[in-house]
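Engineer: Dumping the structure here so I can ask a few things about it.
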């Protein structure tokens, strides 16, 4: 039984480590060898918790092709048509206006450092969020520890638990989870920061201190973009207005 539990936890960890994205999450997973989540008493207590910049397991082509499908007319991102100068991981999608801003940042960054940017995460629609969260729950992740908005995550997990208890097929459960996430978005409740159209992660583990300084200066000069440095994994989380 212990061996089975360890194998499930190892599978979850492997899936997350293979997915580059936002930090403060791996230490929050309920894994046998994981330390207690880092907390500080000085953290603000807002009425509506800020959305988390979350790491989710990658999805296979088969998983992406299966239901649920985002209905036409809802907010959905699309890959930027032109080949950009920056590097983007395969699953990254952004609205074209955001991709254009990233091209501008990359060109300015290249002029100052001679290097190009690597984008590790972009916008995530409700379909991708639901499928990835279903996969996490199947792997045994304690999602209640992963997100600060407890009311929103409990609503999604309850939908999963109800579907599992009724022995519904995975596609029906994921569709129900998708519908919950869509309703949350309609109420301006974003469980993940990446459900917002302007969210972008920039890898910075290969940046020197001078590179980081140059990048932040470029972001400030560009205007309409906020940057937050995250540490696990190392990256800048950007919010594009």
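Engineer: Take the residues of the range 84-100 that are over 13 Å from residue 201 (Cα atoms) and in contact with a helix residue (DSSP H, G or I) (Cβ under 8 Å, 6 or more places away or on another chain): which is modelled with the lowest pLDDT?
Structural biologist: Taking the range 84-100 first, the residues over 13 Å from residue 201 (Cα atoms) are 84-85, 90, 95-97, 100.
Pick out the ones that are also in contact with a helix residue (DSSP H, G or I) (Cβ under 8 Å, 6 or more places away or on another chain) and you get 84-85.
Values: 84: 86, 85: 92.
The extreme case among them is 84.
Engineer: Criterion first (modelled with pLDDT of 90 or more and more than 17 Å from residue 102 (Cα to Cα)) does residue 147 satisfy it?
Structural biologist: no
Engineer: Give the residues of the range 111-142 that are surrounded by fewer than 20 Cβ atoms within 10 Å (Cβ to Cβ) and in a helix (DSSP H, G or I), sorted by residue number.
Structural biologist: Listed by number, the residues that qualify are 111, 112, 113, 137, 138.
Engineer: While we're on this one: Please find, among 148, 205, the residue that is over 26 Å from residue 90 (Cα atoms) and in contact with a strand residue (DSSP E or B) (Cβ under 7 Å, 6 or more places away or on another chain).
Structural biologist: Being over 26 Å from residue 90 (Cα atoms) and in contact with a strand residue (DSSP E or B) (Cβ under 7 Å, 6 or more places away or on another chain) holds for just one of 148, 205, which is 148.
Engineer: Further question on the same structure: With the requirement that a residue be free of Cβ contacts under 8 Å to residues at least 40 places away in the same chain and at positive phi, what does the range 109-162 give you?
Structural biologist: Answer for the range 109-162, where residues must be free of Cβ contacts under 8 Å to residues at least 40 places away in the same chain and at positive phi: just 114.
Engineer: Tell me, please, whether a residue that is over 30 Å from residue 226 (Cα atoms) and either in contact with a helix residue (DSSP H, G or I) (Cβ under 6 Å, 6 or more places away or on another chain) or surrounded by 22 or more Cβ atoms within 10 Å (Cβ to Cβ) (or both) can be found in the range 164-173.
Structural biologist: Within the range 164-173, one or more residues are over 30 Å from residue 226 (Cα atoms) and either in contact with a helix residue (DSSP H, G or I) (Cβ under 6 Å, 6 or more places away or on another chain) or surrounded by 22 or more Cβ atoms within 10 Å (Cβ to Cβ) (or both).
Engineer: Give the residues of the range 175-211 that are loosely packed, with under 15 Cβ neighbours inside 10 Å and either within 16 Å of the chain's Cα centre (by Cα) or under 19 Å from residue 106 (Cα atoms) (or both), sorted by residue number.
Structural biologist: If the condition is that a residue be loosely packed, with under 15 Cβ neighbours inside 10 Å and either within 16 Å of the chain's Cα centre (by Cα) or under 19 Å from residue 106 (Cα atoms) (or both), then 205, 206, 208, 209, 210 are the ones that fit.
Engineer: Oh, and also: Do we find that residue 212 is without any contact (Cβ under 8 Å) to a residue 60 or more places away in the chain and out of contact with any strand residue (DSSP E or B) (no Cβ under 9 Å at 6 or more places or on another chain) in this structure?
Structural biologist: Here the answer is no, as residue 212 does not meet what is asked.
Engineer: Across the range 89-108, what is the number of residues that are within 24 Å of the chain's Cα centre (by Cα), touching a residue at least 60 places away in the same chain (Cβ under 8 Å), closer than 23 Å to residue 241 by Cβ and surrounded by 14 or more Cβ atoms within 10 Å (Cβ to Cβ)?
Structural biologist: Within the range 89-108, residues that are within 24 Å of the chain's Cα centre (by Cα), touching a residue at least 60 places away in the same chain (Cβ under 8 Å), closer than 23 Å to residue 241 by Cβ and surrounded by 14 or more Cβ atoms within 10 Å (Cβ to Cβ) number 6.
The values are calculated or read from the model by the stated rules, or taken from the named source; none is laboratory data. Owing to the predicted nature of the structure, the values given are computational and were not obtained by experimental measurement. Neighbour counts run over all protein chains shown; Cβ positions are idealised from the backbone, glycine included.
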